Amino acid sequence: MLNQKPINILVSYIKTPSMNGFRQLAEQTLAQMHSEQVGFVECHISDVLEVAQQLVENGSQILLCTGATAHYLQKKLPIELHPIRTGAFDVIQAISNLKQYRKIALLGNASSVNLTQYSDVFALQIEQFSYDSFLAAKKTVEQVRKQQFDAVIGSPVAVEMALNLGLAAQLAISQNSLQDHIYSALQRLEKIREEKQQNQRLTEIFNHLTDGICLILKTGRIHFANQSMLALLGQTEHSLLNQPVDRLFKNFDLNIENTHQILYVGAKKLAAHLSVLKAEHIDGFILSVQDLDTLEQSSGEFRKVSVGKFNTRYRFTDLITRDPQLQQSILLAKQYAQTEATILITGESGTGKELLAQSIHQQSSRAHAPFVAINCASFPESILESELFGYVEGAFTGAKKNGKVGLIEAAHNGTLFLDEIGDMPLHLQTRFLRVLQERQINRLGATVSHTVNIRVLAATHCDLDEKVKSGEFRADLYYRLNILRVYIPSLKQRRVDILLLVEHFLKKHALNVENMPAFLFKALQKYHWPGNIRELENIIERLAVMWQLDHSMLNQTFMSLHIPELFQQRDFDTHFDAQLSPLKAVKVNQELQLIEQAIATADGNLDIAAQNLNISRTTLWRKMKLLKV
């Protein structure tokens, strides 16, 4: 069992342990130093790598080896190798011990010792021979013998070889020199421990960061990586450290002028930032990376925090209808909800376009993200721009100190609903077109763009085709909005739903539709509802308040005074009627009365009404629109 000392003197032999004298030298030196940090290990030369690796596994941090062994192990071990070098005093002492011999060979790696001066001092023939491997050492010793040298000064292996060939031999290392090497290793060990403690503290800090961080040496190899980096790359610390950085990241550039880069690891797209690191013991680069998808998601979370919650209240189940056309539109909207395409919702004001938009959002993959709605007709033009796009600090007089996130940006990862898009000013249409095309947004006064991941729903009561022709709406924006289209029919086109909706709104006030007088129900059925469902809900609320105040108020005379729109005689639109001849007006009024009577007889069912009138439903819709039924 090998020792577990942090510093070890590792020496090899060929056949006979201790023959070269190094064991005795090491034991004597260690006995004088009384250090518990240093151990001595002797092994066969063929086992030197295996033994060295075992020492590393046991916790050794520094190995002291003679020159050739140190050179061999240098690139194979992840710890420090300290060569035991020959000094001038070592050579003098060895020559003095061999002064009875006339011809002496100094064997080992290239030495800085000037042998000429010692030849003159000792009046001896001294020559130096160099080698860098075991085979080269063996050849060198044989060469020395052939050249009839009497003695050899060298490493433990060289000494053993010389002794086996009958030559005198002396180690090229003294006790004092070995002791100096050990002291130097002990000082370095203390430094390593200090650096390790500092690195542990830094590692703990770096491992708490969500960004991937790694340290790259000047050589281009990875020296350190935090847990986030390992997770992003799907690597272990063992497999990542000491690897060339360009093996992990394709097209990676260590040129510090290119500080921001996009890197690819498999299917992941990473945003990278490179900076120079110059520390006491490390000269290299710090690379920090973030997964772009995660970055966008976290950016969206910050945006949501800064602008508050944007929630939805309605789902498709909240849409109340028996009308076949609206049912078909709802079915189409459910299918469209599964896509990411832009949807344009058309229909008159008050028909429930935002309710449908919220339902689409709730059934989409973005259901848990913000639903941000803005009515383009409800803001003055100057305010609408800042509400939509946001602004930075100092963008204009009165701007908030830290700026403001716009509603488009607030919808990041969610749905942006633009109601009454037809009323958006032309210059804002141009800016919004860029958002649709590039998914990039510039706040007012900003010089940088923000990426936004939004799904756009738009609604309008206008005829956008006519607005495009008149130059009031950009054609290119219209084409970008008009990808998928859903139409919501007006309430007068779906009279079959009036009773359903009345019953639904009355339940909110704990009232029963069965208690409603027949004349009132007939008036509700007959009324043309220019304000659609919004108007119906308001009238039912007005009716409920009066009903709860005094039930006796539910008579036609009182109702005619307080809900006059339901009971006004509407033979025909006055403006339209004035443009007709008396004979034509009579004909139109007769047609109007027939249509209203047919709809009333069919209980609001337009299919049955059209069948009773012997016309198609499309013709009935067209006449209702013309006559404003």
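The values are calculated or read from the model by the stated rules, or taken from the named source; none is laboratory data. Keep in mind that what you see is a predicted model, and the values were worked out from it rather than measured. Cβ atoms come from the backbone with ideal geometry, glycine included; neighbour counts cover every protein chain shown.
For the stretch 140-179, the set of residues classified as in a helix (DSSP H, G or I) and either aromatic (Phe, Trp, Tyr) or under 60 Å from the mean Cα position of the chain (by Cα) (or both) consists of PRO156, VAL157, SER177, LEU178, GLN179, listed by residue number. The residues in the stretch 3-52 that are over 20 Å from ALA162 (Cα atoms), in contact with an Asp or Glu (Cβ under 9 Å, 6 or more places away or on another chain) and assigned to a loop (DSSP other than H, G, I, E, B) can be counted, and the count is 1.
Residues being basic (Lys, Arg) and at pLDDT below 90 are represented in the stretch 194-212 by at least one member. Only one entry in LEU520, LEU506 is closer than 29 Å to MET624 by Cα and over 56 Å from the mean Cα position of the chain (by Cα), namely LEU520. Count, please, the residues in the stretch 493-502 that happen to be more than 50 Å from the chain's Cα centre (by Cα) and surrounded by fewer than 17 Cβ atoms within 10 Å (Cβ to Cβ). Matching residues across the stretch 493-502 total 0. At least 1 residues being on the phi > 0 side of the Ramachandran plot, at pLDDT 85 or above and surrounded by 14 or more Cβ atoms within 10 Å (Cβ to Cβ) is the threshold, and among the helices (runs of 4 or more DSSP H) wholly inside the stretch 512-619 those reaching it are 532-549.
For the stretch 323-376, the set of residues classified as of a type in the set (Val, Ile, Thr) and free of Cβ contacts under 8 Å to residues at least 40 places away in the same chain consists of ILE330 only. Quick check on the stretch 332-340. Is at least one of its residues assigned to a loop (DSSP other than H, G, I, E, B) and crowded, with 17+ Cβ neighbours inside 10 Å? Taking every residue of the stretch 332-340 in turn, none turns out to be assigned to a loop (DSSP other than H, G, I, E, B) and crowded, with 17+ Cβ neighbours inside 10 Å.
The residues of the stretch 476-492 that are farther than 17 Å from ILE345 by Cα and surrounded by fewer than 17 Cβ atoms within 10 Å (Cβ to Cβ) amount to a single one, ASP476. Selection of the stretch 393-438 for residues being surrounded by fewer than 21 Cβ atoms within 10 Å (Cβ to Cβ), at pLDDT 85 or above, part of a loop (DSSP other than H, G, I, E, B) and in contact with a strand residue (DSSP E or B) (Cβ under 8 Å, 6 or more places away or on another chain) yields only GLU420.
For the stretch 364-392, the set of residues classified as charged (D, E, K, R), in contact with a strand residue (DSSP E or B) (Cβ under 9 Å, 6 or more places away or on another chain) and either modelled with pLDDT under 80 or in a helix (DSSP H, G or I) (or both) consists of GLU385, GLU387, listed by residue number.
Of everything in the stretch 439-448 that is in contact (Cβ under 8 Å) with a residue 40 or more places away in the chain and assigned to a strand (DSSP E or B), the residue that is farthest from the chain's Cα centre (by Cα) is LEU444.
Quick grid of which residues meet (1) surrounded by fewer than 20 Cβ atoms within 10 Å (Cβ to Cβ); (2) in the same structural domain as LEU165 (by TED's automatic domain parsing); (3) among the basic types (Lys, Arg):
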site	(1), (2), (3)
LYS15	yes, no, yes
ASN20	no, no, no
GLU27	yes, no, no
GLU50	yes, no, no
GLY59	yes, no, no
LEU63	no, no, no
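Within the stretch 449-484, the residues that satisfy the criterion of being part of a helix (DSSP H, G or I) and of a type outside the set (A, V, I, L, M, F, W, C) are ASP465, GLU466, LYS467, LYS469, ASP476, TYR478, TYR479, ARG480. Summed over the stretch 315-330, residues that are of a type in the set (A, V, I, L, M) and closer than 30 Å to VAL435 by Cβ total 2.
Per-residue answers, yes or no, for (1) over 20 Å from HIS238 (Cβ atoms); (2) within 46 Å of the chain's Cα centre (by Cα); (3) not acidic (Asp, Glu):
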position: ALA26; (1), (2), (3): yes, no, yes
position: HIS34; (1), (2), (3): yes, no, yes
position: GLN37; (1), (2), (3): yes, no, yes
position: PHE40; (1), (2), (3): yes, no, yes
position: ASP47; (1), (2), (3): yes, no, no
position: ALA52; (1), (2), (3): no, yes, yes
position: CYS65; (1), (2), (3): yes, no, yes
position: ALA70; (1), (2), (3): yes, no, yes
position: ILE79; (1), (2), (3): no, yes, yes
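Could you look through the stretch 186-213, keep only residues that are touching a residue at least 60 places away in the same chain (Cβ under 8 Å) and part of a helix (DSSP H, G or I), and pick out the one that is farthest from LEU81 (Cα to Cα)? Here the residue is GLU195. Residue pairs whose Cβ atoms lie under 8 Å apart, sitting 6 or more positions apart in sequence or on different chains, and linking a residue in the stretch 598-609 that is under 17 Å from SER490 (Cα atoms) to a partner that is of a type in the set (Phe, Trp, Tyr), are LEU606/TRP621.
In the stretch 96-139, the qualifying residues are those that are β-branched (Val, Ile, Thr) and assigned to a helix (DSSP H, G or I), and the one that is modelled with the lowest pLDDT is THR116.
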